[in-house]
Each structure stands twice: as C-alpha cells, then as structure tokens.
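Below: the structure, in structure tokens.
The values are calculated or read from the model by the stated rules, or taken from the named source; none is laboratory data. Not measured: the values here are computed from a predicted model. Note that we place each Cβ from the backbone using ideal geometry, even for glycine, and neighbour counts take in every protein chain shown. For the accessible areas, the whole protein counts, side chains as well, though only heavy atoms, and no ligand, DNA or RNA atoms are used. Shrake-Rupley method; radii C 1.70, N 1.55, O 1.52, S 1.80 Å.
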Amino acid sequence: MAKEFMLPELGENIHAADVLKVLVAKGDTVQVDQPVLEIETDKATIEVPSSIGGKIKDIFVKDGDKIKVGQVVFILEAEGETVAAPEPVNTPAAPAPVTPVTKAVNMPETTPQVVMVDGIIEMQLPDLGENIHAADVLKVLVKE
C-alpha cells in the first residue's frame, strides 16, 4: 500500500519552509523517526523525521524548494509492493516531531526557577515561550 509523507505542522503561524537538503533518495528504505529533510523556517533550521517507514517510490521536492505544511514530500511503498505514484495532494498532515539542527531559536530571556527542597537546591527549566511545553536536551554543560 502506498503511503504519502507530507510536511507536518511546524508550529504556530508557520505555514511553509525552505528545503535546505533532502536527506533521502528514490529507492532508499526509510525507518520511522529517521531524518528525511533539513528545512529552514523564519524561526529555526530543523531536521524533519519520517512518521512512516518503507521504500521511497517517488520524491516531489528538491533542495532549494519552498514547501507548505501538508504538501506531499514523497511516496513510500512496502517491500515487494509496486505502486503507481499519485499526484501530490495538499491536505493537512498529522503533526510529527521536529528536531533542532544548527540554528538556535530566539528564546525569551528567562532565568531558571531555583527551589530548595530538604537542603538541596533544584534548578527547574524556565518558561521556554508561548505554547512550548517540552524540549530535547542536546548537551548538559555542567558536571556533578
């Protein structure tokens, strides 16, 4: 069965992005969560992971293209299956996680909340901005 991978939601008020690099090629086998695109929005440069797995039948974007949220990026097929590639359809996609790559987002200047519990000082992650409820730790810069 053919599966379409579409550009997922990228955040509030982000409707399009520039493709910096397509990280896969026609014929490649893609796993779920494997980075498939490197894109740039006005807020960040990110790698977009695939939300589906299979063998790439056709790719509809190339480096330098501007793509919209919900636009078909590529078509996958299960191993041993043959399919005719349909025309891309611009329909909304289910959100997929995105991972920061090279450029930091302009974060609001905040300080971590410091709490003392039983003589131990805990530093808590500060507010990261509107509608941001979680983040990936890229590197811990301190040691015990």
Problem set entry | Answer residue from segment 16-26, given it is part of a loop (DSSP other than H, G, I, E, B) and either at pLDDT below 90 or open to solvent by less than 70 Å² (accessible area, probe 1.4 Å) (or both) and is farthest from I46 (Cα to Cα) among those | A25
Problem set entry | Hey, D63 open to solvent by 60 Å² or more (accessible area, probe 1.4 Å) and within 20 Å of A135 (Cα to Cα) or not | no
Problem set entry | Matching entry among E47, E122 (being part of a strand (DSSP E or B), within 28 Å of L20 (Cβ to Cβ) and at pLDDT 70 or above) | E47
Exercise. So which residues in segment 27-43 are open to solvent by 30 Å² or more (accessible area, probe 1.4 Å) and either in contact with a Ser or Thr (Cβ under 6 Å, 6 or more places away or on another chain) or not small (G, A, S) (or both), if there are any at all?
Worked result: D28, T29, Q31, V32, D33, Q34, P35, E38, E40, D42, K43
